[in-house]
Structures are given as C-alpha cells and as structure tokens.
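Here is the structure we will look at, set down as structure tokens.
The values are calculated or read from the model by the stated rules, or taken from the named source; none is laboratory data. Since the model is a prediction, treat every value here as computed from it, not as a measurement. As a convention, Cβ positions derive from the backbone with ideal geometry for all residues, glycine included, and neighbour counts pool all protein chains shown. For the accessible areas, the whole protein counts, side chains as well, though only heavy atoms, and no ligand, DNA or RNA atoms are used. Shrake-Rupley method; radii C 1.70, N 1.55, O 1.52, S 1.80 Å.
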Amino acid sequence: METVSNGKRFCKCKSMCSKKEGKTWKGGCPCKTRGENCNELCQCGVWRKKELVAGCKNGGPTMTQNTVRTTKTINLNQQAGDANSNQTVQNRSDGFILMEEELEIAERKIRAFLDSLSREDLMEMLIVANNHGNGSLQALKDNLAEAKDETPEPEPGEPVILAPSWCKCGKCKEMPALIENKCCMRKHCVSKLTKFNKYCLDEDLLVLNIKARCDIRADVWNFETRELRKAAYRQFTLWKYGRLGNNNRRVVPSCCVLKVRSEFPSPNGIYLGYKPN
C-alpha cells in the first residue's frame, strides 16, 4: 500500500519489503517496485504490540536508535495517558477539586459580567443586595478583605483569636484531641463557601439525610442537634471523599467542625469529637 505525504511517497507494507511487484507476483512493496529504498516515513517491517520485531530488508526501519526512541515515546505517551486518566478519576472523587474547577469557571463569568457594568450599576446592585438581606456592609468589607488575602479588622469589643500554627484558613482552633487538629488548607476557608452551607448546614437537607439513613438501617427518626451534626459531618465526608465504606473514617477539619457546632450547638456544651475506627 502506497501513500503520499507532502509529495513524498512511503509504504505501509506489513512485511519486510523483500519482494517487488512483477508479472508473477502482485502486491509487492511499492518502494522496491520503483527501485527505491524505504524511507523514514515508511511503516513497513514486522510490528507486534507497537514494537518493531523485524526490520525492513529494503533499507527501511530497523532496530536502530530512532526506532527504539519511537517505541519508548509510544510507551511514555501511554504512561502519560494512564497518569492523566488516573488524575481525572482522582479529580472526580475529590469534591473540593471539582468545586475549585467550578469556582474558576464561575469567577471568569462573573468578572466578564462585572466588567460590562458601569460604576453606578455596581453600586445599585450592591445596595439592592443589601436591602434584600443578601449581605451587609461588614460582610462586604470582610469579603473584600478575604479576596485581597487581608485580615479584616474586628468589630469594637470583639476578641482577637489567633489561629494555630497548623491552620492555613485562619478559622481553626486547637481541638481536644491531637488528631482533630486538621485544617481545610485553603486560603478561602471551606466553611465559608456557599456549597458548604448548602451541603452541610441546610437543615432540610440534613433531615433528609437522616431519614434516608434510618430507612436503610431500619432505625427510628431522630432530629436532635446531635444527629444533625453527625449528618453534617457525613455530608462533608461524602462531598470531599465520596463513598468510603464501612469502618473507614476521615477527620473533618476543625474550621468545618466549629461551623457545624455553631449552627447546631449542644445544649450542655459537650461534644463527642472524632471517634477512630
């Protein structure tokens, strides 16, 4: 079989090109038939599993360094493809990575929209949002400081609480057990994200979580704050890690635990904390 690329002819023989086409033989190598040697574009020779096992006898591909390099390149490309595939699977199993990808897309759209607005339109939009209860002046200041990676000034009389050295988000504090001293490791704390509020703090969603769990385990419904907190931790773990299976637990970051406890506090101020497997 003969092919032409950029005016240069090459063959795709599945052989070593030892014969040429003649009166008694049909289907020989077109290169050999023309009296030319096979060139670097030719795909002849005997290949098995993308490796050249027998070189061409018409001056074509042989087991030279070029061929070995081509074989190695194929293998490296396959390994790179496998690595990318594994990374894609990992990304799909990590809710935070997916969330960050969604946030990047949303941020680009928001910036494009805001760039199209005038200063007056921006002011009106913020005022309307505040009047509808979707924010406040202090919230705007805090959000702006967070976007600029600055620490907002505390309100008068508000105590200043320094985050531990192992905290990156600035919302954690020392926990009773050493294993619970874990941060979400995000500059913008996960506990302040809209999706965290929707997945882990929405009481209607947590009640539905409890009902589904009780239905599977044939348990009686219990919607006390302790059960709501446990449901919130389950929601967070599912969001972050996906399905873990039995006796496979993960520590919820301190910042997220504190946010859940502030939303669903214990009446006596006592919390069970992380329970190992």
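Annotation: amide H of A54 within the under-5 Å range of V46, sequence separation 5 or more or interchain, hydrogens built in the peptide plane. How many Å² of accessible area per residue for the stretch 178-263, probe 1.4 Å? So the stretch 178-263 comes to 59 Å² accessible per residue, rounded to a whole number. Among the trypsin sites (Lys or Arg not before Pro) found in the stretch 238-277, those both in a DSSP coil and sparsely packed, with 15 or fewer other Cβ atoms within 10 Å of their Cβ, are R243, R249, R250. Across all directions, the shadow cast by the convex hull of the stretch 178-263 built on its C-alpha atoms averages 6.0 square nanometres. For the pair R261 and I127, a Förster radius of 30 Å applied to the C-beta separation gives a FRET efficiency near 0.30, rounded to the nearest 0.05. Modelled spin labels at L178 and K19, positioned 7 Å past Cα toward Cβ, are 7.8 nm from each other. Note on the stretch 178-263: Lys pairs 8 or more places apart or on different chains, Cα atoms under 19 Å apart, count 20.
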